[in-house]
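These notes are about the structure you will find just below.
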Amino acid sequence: RLARSIYRRFKDRGRSYLLPSDFYPAFPDEESAKAAFRVFDKDNNGDISRAEIKTRLVRVYKERRFLSRSMRDVGAALKTLDKILLLFAMIILFFIGLSVFGVNISSSLSSVYSLAIAASFVFKGTASS
């Protein structure tokens with residue numbers, strides 16, 4: 001519907017195609033009108049058919065949809081990374097807290113190593129999915 005609307009608004013009544021001069025009234029200068037025309041002129045023959053407009057708009061919408069999906073995936077990855085970094089910060093704060101209360105950290109590291117090994121299995125499962 002959008003392709004049909006663009007085509008009808010710009011098309012001269014005597015032709016079945018669009019020329020660069022048809023874009024001039026919609027843009028402040030000829031250069032930007034020609035740049036917009038080149039976006040739609042798929043075969044670079046100097047005119048635009050209704051099919052070319054439709055093809056270009058469908059392509060733009062598909063790219064937009066793929067970009068939206070990839071942005072969601074990046075957002076999910078960043079949330080996971082945020083959780084991992086928060087866990088490391090908590091571990092560091094735990095050790096700082098132990099040292100503040102005078103706990104000998106070297107003697108309690110064996111239990112921390114056991115927790116680290118268990119956490120590595122959990123992260124392996126998270127990273128693989």
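Take residue 31 and tell me if it is open to solvent by 70 Å² or more (accessible area, probe 1.4 Å) and either under 30 Å from residue 3 (Cα atoms) or touching a Gly at 6+ places or on another chain (Cβ under 9 Å) (or both).
Considered against the rule, which asks whether it is open to solvent by 70 Å² or more (accessible area, probe 1.4 Å) and either under 30 Å from residue 3 (Cα atoms) or touching a Gly at 6+ places or on another chain (Cβ under 9 Å) (or both), residue 31 comes out as yes.
Return the only residue of 68, 111, 106, 120 being open to solvent by less than 100 Å² (accessible area, probe 1.4 Å) and within 30 Å of residue 39 (Cα to Cα).
Matching residue, one of 68, 111, 106, 120: 68.
Could you please find all residues in the range 90-103 being open to solvent by 100 Å² or more (accessible area, probe 1.4 Å), within 43 Å of the chain's Cα centre (by Cα) and aromatic (Phe, Trp, Tyr)?
94
Only one residue in 54, 83 is within 23 Å of residue 115 (Cα to Cα), modelled with pLDDT of 85 or more and open to solvent by 100 Å² or more (accessible area, probe 1.4 Å), so which one is that? Spell out the reasoning first.
On the way: 54 fails: within 23 Å of residue 115 (Cα to Cα).
Every option except 83 fails the conditions.
The values are calculated or read from the model by the stated rules, or taken from the named source; none is laboratory data. Nothing here was measured: the structure is a model prediction, and the numbers come from that model. Counting neighbours? That spans all protein chains shown, and the Cβs are built from the backbone with ideal geometry, glycine included. Note: areas computed on protein heavy atoms with side chains; ligands, DNA, RNA excluded. Shrake-Rupley method; radii C 1.70, N 1.55, O 1.52, S 1.80 Å.
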